[in-house]
Every structure is written in structure tokens, then in C-alpha cells.
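J.: I have a structure here, written as C-alpha cells, and I will follow up with some questions on it.
Where a number appears in this text, it was derived from the coordinates with a stated rule and is not lab data. Nothing here was measured: the structure is a model prediction, and the numbers come from that model. Virtual Cβ from ideal backbone geometry, glycine too; neighbours counted across all protein chains shown.
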Amino acid sequence: MDDIKIKLKFPIYMDYQATTPMDPRVLDAMLPYFTEKFGNPHSRSHSMGWESGEAIEIARKQVAGLIGANSKEIIFTSGATESNNLAIKGAAQFYKDQKNHIITVKTEHKCILDACRHLEQLGFEVTYLPVNEDGLLDLNLLKLAIKNETLMVSVMAVNNEIGVIQPIKEIGSICKERGVLFHTDAAQAFGKIPLDVEEMNIDMLSISGHKAYGPKGIGALYVRRKPRVRLEPLINGGGQERGFRSGTLPTPLVVGLGEAAKIAAESMKEDYQIIKKLSDKFCTRILDSIPDVYLNGSRDMRWPGCINISFAYIEGESMILAIKELAVSSGSACTSASLEPSYVLRALGVEEELAHTSIRFGFGRFTTEEEIDYTISVLEGAVQKLRDMSPLWEMAQEGIDLKSIKWSDH
Amino acid sequence: MAYSEKVINHYENPRNVGSMDKNSKDVGTGLVGAPSCGDVMKLQLKISKDGVIEDAKFKTFGCGSAIASSSLITEWVKGKTLDEAQKIKNIDIVEHLSLPPVKIHCSVLAEDAIKSAISDYKKKNS
């Protein structure tokens, strides 16, 4: 263990769902556009503008290529939160006189749920579908929820908290058959798993730069042209991005997102295989060897770089403190002012006491086997230490049913 | 969340972790909190015939502040009479550990644990 420790850099980054480190190749591609190639990409009257404009169009092609789209269908935004807002609110506002019902899922990212809540206040109707215990959407429930007034279905591709992959292709074909728009938040999926807007019948798809080894502050929204999807813009102005999103494009960031997409196209398969191998090792050692440890979400239908685990009888925040050499995130939101456990885990039916014990481990392109080995050994020690200190573990070992006790809730 | 040095110290070197025989007459056991709220403390006090706390042990399921609060009170109560121990207030714990507002409930729980352990002892010996 000490041998391994010498090679490692601390803290070990295991929070790839929060953000990813930028690939050094992305930075190299961006740098000239901060300094000598600073022209406004929308300037049409001189070569400096053309130079930036061309760089933007190359990036647009690179992003489009990764999802099987045409480059004209890519709108650059400030990130996935803006893309999701534009897709949901933009479509709702444009089509409100024809249809006013939106379907989404309880485990979506906060920005989807919050945009939907906002629309509810404006008089739209929103259905929040439940998920199965494995975190996946029941397609029959989706079919039943679609009605004549349904404008759009929004279901994320890869969940940010538990890593499960929703059946996007099946959802797309249901939406197509029923004449409903299909939007997917692919912030955690873009560049990680194959996505094809034609094959999957996706009408709108949200992209984030910094979840895919690109820069922060840039994202994109794919908007289908055939048949044309119309949106009411959130930001009005000079009519850039086909009028969907005004404002001067940040050339260096756009170039960075394009480069990130290009690298992902080249290395997605290899990245996946390496991450899968590391993730399998981690799961075998932690899930299959330590008692009373549970994986949240489907084991098979998942992005292997996101592993959310409940360590029964160990409160999540104390676990994070015990493994402070690892940069991880608590599945429960109790590190914030709110003491509520994660709404995503609750939607899976994970009981509150177990939701409080959940930790998310995120692996990515730069995770090494030494880091995984070290993480496993640190975790084994922490579980031992904290369970020795846990009155709940002691009671469970004595055979006491914790549910039979009348707890003093506060 | 940034923890104070004292919290980290107690968390990393918790004092008096362990258990005593809960059926023993000279041991009072307090079990407070709830798993669904994310913290449960078990405090046990060994009390001499003349009402002095001779030993204290704890086990806690909870965040760093909850573990530190329980570790701290085991140090504080040792050698105190029951009356003295009952005078320990949560605000003393908050001040000593520099707990932020969001963690005040941990200190409240620790104060409750002392009261609950003493009341268990008194019930056994009445």
C-alpha cells in the first residue's frame, strides 16, 4: 500500500459526474482563440472574423458528428442547464396554443424539474413519471401517460446520481409513433456512450462541455430540422445560432467543446473498456465482499463510471470524512443545509435510513488502476472503523430489528 | 463542509468508543436520534453508588459533528455527579467544537443522550 501511495496524487478525483478534468489536448486547441485569433466569429467584414467563424463551424461539425446529427442542428449554449431550459421552456412556449402537456421523470436533473415546475406555474400540465427500483423508466407507464395534449417527453440518457441508462431508443420510437417531441438530457452521456439522434428518434438533445473533458461554460442543444422543431428563444438579441440563442459565441470555449467531441469520437470505445474494467474490479471488491453494501440502480443498464453505493449503518457524511483523500460526493444532500436525503434515491424506493449512507464514486478517462486499488483499501478500512463505532451496526449484529425500535425523530 | 480542528481531532481519535453491558444495574443507556434523520447516538454511563459517573462509552451513527459531540461528552461527564452532568447544555458543546448552525442539532442530540442515559439509570435503580 505504501508503494502505491507514492505514485498517487491526492486527493484522488472520484467525482467525474460533478465535472471532468479538461483533456490537455482540448486546452491546446483552445489557446490560440484567447489571444491571436480573437476575432468576433460573427464579424463578416474581415479575415479575423472569418477565421473565428470557421473555427466555430468546425466545432459544430465535430459535436454534430458525435451524435449523428447535421451541424446546422447544433445550437451552442452556456451549458446543459441552459440547453435543458431552452428545450423545455422554448418548445412549451412556442407550441402552447396547440399542446400544453409535458412528461418527464422524477429522477431527472434539478434543472429539468425546476423548468417544469416553472411551466406548471404558467398553466402547463406536467406529469412526473416514477421509476422502478432499478431506476429505469417503465415504458408502459410512459405509453399510458401520453395523451392528445402531450407536447413533449423529456427523459435523461444517463442519470447523474446513480448512472443508470434509460432506454432512449425505445422511448424515441414511442414518441415518434405518438407524434410527441422527445428531448433527452445527455449531459452525462455525451462522449461516453454511443448516441444517434436518427436511430434513437431524438428531437432535442442537451450537451455539456465540462462533463466530457471540455471546458466549463459551454454546452449545446441539438434541435432537429427535419421535421423542424421550433423553439421560442430564452435570450433575444442579434439572432445568432439561427435565432435560437443570441449573443456572441465564446470562440475558445466552442473550439474546446468541438475538440472534446473529436477526442471522444476517437477514444470512446477504449475509454469505455478501461472504465468498465476498473468499475468491475471496484464493484467486485466492494459490493461482493463487504456485507450490507448495496448498489443503487440497475447493475447492467448503467454507465460504469458512476457507482452509487449505500453502506448500511454508516452515515454518508462521516464516510466522506473517513475517506477524505478521495474526492467523492455524498448521494445524500445532507452535506448541504438541507438534511433531506437524495430525491433520486427516494424515487427508487431506497429507504431514508439507507439513503443517508450513500456515496457516489465517479471514474473517468484519467482514473488509474492504482487509484482504484487504493480506494478499495481505504474504503475497507473506513467501513470497519465506522461500523465499529455505529450503534446501528452493533444492534443489527445482535439480531435486533431496527424497524422494531421506536426512534425519537427530531 | 469545513470542520473545525476540534471536530476533526475527535473524529479521527474518538474518545471512549465502545459498549457496556446494558443490563448491568450500574449502567445507564441512552439511545437517541433516528436512522431516518441520519443520526443515532448511544451513550452509556457507569455510575457509582454515590452517584458519580465513573466511566462513559459511546457509539454514534452520524456525521463528523455528531461523532465529535458524543466523543466530547464522554470526556466531560466522567467524574461528574449526575446533577453536574445534567447541567451540560448543548450550547457548551457548540461553543467548544465551533459547530456551524446547520450542525447544532448534533449538540442537542448529545445533550439528550446524557439525559436519556441518566434517566435509564434512575429507572433501573428506583
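J.: In deg cm²/dmol, rounded to 500, what helix-only [θ] at 222 nm does chain B give when every DSSP H run of at least 4 residues adds -39500 (n - 2.57) and the total is split over its residues?
T.: -13500 deg cm²/dmol
J.: On to the next question. Straight-line reach from A:Lys169: which aspartates and glutamates have a Cα under 17 Å away, not including same-chain ones fewer than 8 places off?
T.: Filter leaves A:Asp138, A:Glu177, A:Asp185, A:Asp196, A:Glu198, A:Glu199, A:Asp203, A:Asp300.
J.: Once the Cα atoms of helix A:369-388 and of chain A are each reduced to a long axis, what angle between those two axes, in degrees from 0 to 90 to the nearest 10, is obtained?
T.: It is inclined by approximately 40 degrees.
J.: What distance in nm separates the two pseudo spin-label positions at A:Ser404 and A:Asp28, each 7 Å out from Cα along the beta-carbon direction?
T.: Once both label points are built, they end up 6.6 nm from each other.
J.: Go through segment A:16-33 residue by residue and turn each phi into a ³J(HN,Hα) via Karplus (6.51, -1.76, 1.60, θ = phi - 60°); whole Hz please, and just put x for glycine and proline.
T.: Coupling constants for segment A:16-33: 5, 7, 6, 6, 10, x, 6, 5, x, 5, 5, 4, 4, 5, 6, 3, x, 7 Hz.
J.: Please name which of A:Met301, A:Ile274, A:Gly256 has its Cα lying farthest along the dipole of segment A:207-312 towards the positive end, using unit charges on Cβ (Lys, Arg +1; Asp, Glu -1) and the Cα centre as origin.
T.: A:Gly256
J.: Could you sort out which of A:Lys72/A:Lys96; A:Lys324/B:Lys46; A:Lys106/A:Lys385; A:Lys269/A:Lys385; A:Lys9/A:Lys61; A:Lys110/A:Lys269 sit more than 28 Å apart by Cα distance in this structure?
T.: Pairs exceeding 28 Å: A:Lys324/B:Lys46; A:Lys106/A:Lys385; A:Lys269/A:Lys385; A:Lys9/A:Lys61; A:Lys110/A:Lys269.
J.: Can you tell me the dipole magnitude for segment A:157-197 around its Cα centre, using point charges on the Cβ only (Lys, Arg +1; Asp, Glu -1), in Debye to the nearest 20?
T.: 80 debye
J.: Rounded, prolate or oblate for chain A? Axes are the square roots of the Cα gyration tensor eigenvalues, ordered a ≥ b ≥ c, and the cut-off for rounded is a/c under 1.5.
T.: oblate
J.: Magnitude of the Cβ-charge dipole of chain A, K/R +1 and D/E -1, about the Cα centre, nearest 20 debye?
T.: Using only the charged Cβ atoms, the result is roughly 1640 debye.
J.: Show that you can apply the helix-only estimate: for chain A, add -39,500 (n - 2.57) for every DSSP H stretch of four or more residues, divide by all residues, and state [θ] at 222 nm to the nearest 500.
T.: Estimated from H runs of four or more residues: -12000 deg cm²/dmol.
J.: Kindly identify segment A:1-94 as rounded, prolate or oblate by the Cα gyration tensor criterion: order the square roots of the eigenvalues as a ≥ b ≥ c, call it rounded if a/c is under 1.5, otherwise compare a/b with b/c, prolate if a/b is larger, else oblate.
T.: oblate
J.: Sorted from fewest to most neighbouring beta carbons within 10 Å, what does the list A:Glu370, A:Glu398, A:Glu270, A:Glu315 look like?
T.: Least crowded to most crowded, the residues run A:Glu398, A:Glu270, A:Glu370, A:Glu315.
J.: Among B:Ser36, A:Ser390, B:Ser126, which comes first, then next, by fewest other beta-carbon atoms within 10 Å?
T.: Starting with the residue having the fewest Cβ neighbours, the order is B:Ser126, B:Ser36, A:Ser390.
J.: Next up: Decide, for segment A:63-222, between rounded, prolate and oblate: order the square roots of the alpha carbon gyration tensor eigenvalues as a ≥ b ≥ c, take rounded if a/c falls under 1.5, and otherwise choose prolate if a/b is larger than b/c, else oblate.
T.: Rounded shape, in that the Cα axes give a/c under 1.5.
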